[in-house]
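*Asks:* Dropping a structure here in structure tokens format, bear with me for questions.
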């Protein structure tokens, strides 16, 4: 996740506040901890207003562990039980 | 087919009750075999129609969600890492946050399944009748 341009920040602000006003849920995914999102916004006021709303009305799930993607690499066969053919 | 049958088929089609139309012959056989009374017959036909509409509605909502791939919580490998908060994830699967309009923020390293889980929760919400957009 890179720093947002003012336009991107405004669009995100609009999206999140509209969902909040309509009482609708959002599911987001991010590589950063929610508190680390603040410095990504060019305008700290927008960041504060938006993130305060989002972070305080949400369930935060920290997912940790090794990447699962190597298991899905093309050409990789699913692990099979060893059979003795000798 | 009798004239009455043809009329009934036309009526069901006009009323867009194709769920009833599909099962009508089978249900009629059941009724004639004495398995279904008048009220039962009507009730099972209505239920067939409701089932068809629910299936159609769910298929439509799944299409509109534009998921990258259809992932489900059943297909989520909780054993991939002991560090995954399995209990919290299973608790979120009850979707209580959806009724109250709360959000879910999934954060963590790459490749651990954040997007998979996001889509799986979306899939659950659709099964519960919600409109979802990925």
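The values are calculated or read from the model by the stated rules, or taken from the named source; none is laboratory data. Keep in mind it's a predicted model, so treat the numbers as computed, not measured. All Cβ positions, glycine included, derive from the backbone under ideal geometry; neighbour counts span all protein chains shown.
*Asks:* Here is a check on your reading of the model: is residue B:40 in a helix (DSSP H, G or I) and assigned by TED's automatic domain parsing to the domain that holds residue B:117?
*Replies:* On the way: in a helix (DSSP H, G or I): yes; assigned by TED's automatic domain parsing to the domain that holds residue B:117: no.
Answer is no for this residue.
*Asks:* Taking segment A:20-47, which residues are out of contact with any strand residue (DSSP E or B) (no Cβ under 8 Å at 6 or more places or on another chain) and not in a loop (DSSP other than H, G, I, E, B)?
*Replies:* A:20, A:21, A:35, A:36, A:38, A:39, A:40, A:44, A:45, A:46, A:47
*Asks:* Looking at (1) free of Cβ contacts under 8 Å to residues at least 12 places away in the same chain; (2) within 12 Å of chain A (Cβ to nearest Cβ); (3) surrounded by 12 or more Cβ atoms within 10 Å (Cβ to Cβ), which is the one condition that is false for residue B:79?
*Replies:* The number of the failed condition is (3).
*Asks:* I would also like to ask the following. Answer with yes or no whether residue A:69 is modelled with pLDDT of 90 or more and surrounded by fewer than 15 Cβ atoms within 10 Å (Cβ to Cβ).
*Replies:* Values: modelled with pLDDT of 90 or more: no; surrounded by fewer than 15 Cβ atoms within 10 Å (Cβ to Cβ): yes.
No.
*Asks:* Which of the residues spanning segment A:37-54 are more than 7 Å from chain B (Cβ to nearest Cβ) and within 18 Å of residue B:98 (Cβ to Cβ)?
*Replies:* Initially, segment A:37-54 is screened for residues more than 7 Å from chain B (Cβ to nearest Cβ), giving A:37-53.
Matches in segment A:37-54: A:53 only.
*Asks:* In addition: Only one of (1) more than 10 Å from every other protein chain (Cβ to nearest Cβ); (2) at positive phi; (3) in contact with a helix residue (DSSP H, G or I) (Cβ under 8 Å, 6 or more places away or on another chain) is not met by residue B:108, so which one is it?
*Replies:* Among (1) more than 10 Å from every other protein chain (Cβ to nearest Cβ); (2) at positive phi; (3) in contact with a helix residue (DSSP H, G or I) (Cβ under 8 Å, 6 or more places away or on another chain), residue B:108 violates only (1).
*Asks:* Being surrounded by fewer than 20 Cβ atoms within 10 Å (Cβ to Cβ), farther than 18 Å from residue A:37 by Cα and modelled with pLDDT under 90 is the filter here; which residues of segment B:102-130 pass it?
*Replies:* Scanning segment B:102-130 gives a single hit, B:111.
*Asks:* Mind telling me which of the residues B:90, B:60, B:13, B:53 ends up being in a helix (DSSP H, G or I), in the same structural domain as residue B:115 (by TED's automatic domain parsing) and out of contact with any helix residue (DSSP H, G or I) (no Cβ under 6 Å at 6 or more places or on another chain)? Quick ask: steps written out before the conclusion?
*Replies:* Details: B:60 fails: in the same structural domain as residue B:115 (by TED's automatic domain parsing); B:13 fails: in the same structural domain as residue B:115 (by TED's automatic domain parsing); B:53 fails: in the same structural domain as residue B:115 (by TED's automatic domain parsing).
On inspection, the qualifying residue turns out to be B:90.
*Asks:* Could you run through segment A:55-64 and say how many residues are more than 9 Å from every other protein chain (Cβ to nearest Cβ) and either in a helix (DSSP H, G or I) or in contact with a strand residue (DSSP E or B) (Cβ under 7 Å, 6 or more places away or on another chain) (or both)?
*Replies:* Of all residues in segment A:55-64, those more than 9 Å from every other protein chain (Cβ to nearest Cβ) come to A:56.
From what is left, the residues that are either in a helix (DSSP H, G or I) or in contact with a strand residue (DSSP E or B) (Cβ under 7 Å, 6 or more places away or on another chain) (or both) are none.
Count: 0.
*Asks:* Ok, one more. Considering only residues that are more than 14 Å from every other protein chain (Cβ to nearest Cβ) and within 14 Å of the chain's Cα centre (by Cα), which ones fall in segment A:2-30? Quick ask: steps written out before the conclusion?
*Replies:* The initial filter retains those residues of segment A:2-30 that are more than 14 Å from every other protein chain (Cβ to nearest Cβ), namely A:2-11, A:13-14.
Of everything in segment A:2-30, just one residue is more than 14 Å from every other protein chain (Cβ to nearest Cβ) and within 14 Å of the chain's Cα centre (by Cα), namely A:2.
Per-residue answers, yes or no, for (1) under 30 Å from residue B:117 (Cα atoms); (2) modelled with pLDDT under 95; (3) surrounded by 14 or more Cβ atoms within 10 Å (Cβ to Cβ):
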| residue | (1), (2), (3) |
| --- | --- |
| B:2 | no, yes, no |
| B:7 | no, yes, no |
| B:15 | no, no, no |
| B:39 | no, no, no |
| B:44 | no, no, yes |
| B:60 | yes, no, no |
| B:67 | yes, yes, yes |
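*Asks:* Taking segment A:1-19 on its own, how many of its residues are in a helix (DSSP H, G or I) and closer than 27 Å to residue B:123 by Cβ? Before the answer, list the steps.
*Replies:* The first filter runs over segment A:1-19 and keeps only residues in a helix (DSSP H, G or I), leaving A:6-19.
From the residues that got through so far, the ones that are closer than 27 Å to residue B:123 by Cβ too are A:11-12, A:14-19.
Qualifying residue count for the region: 8.
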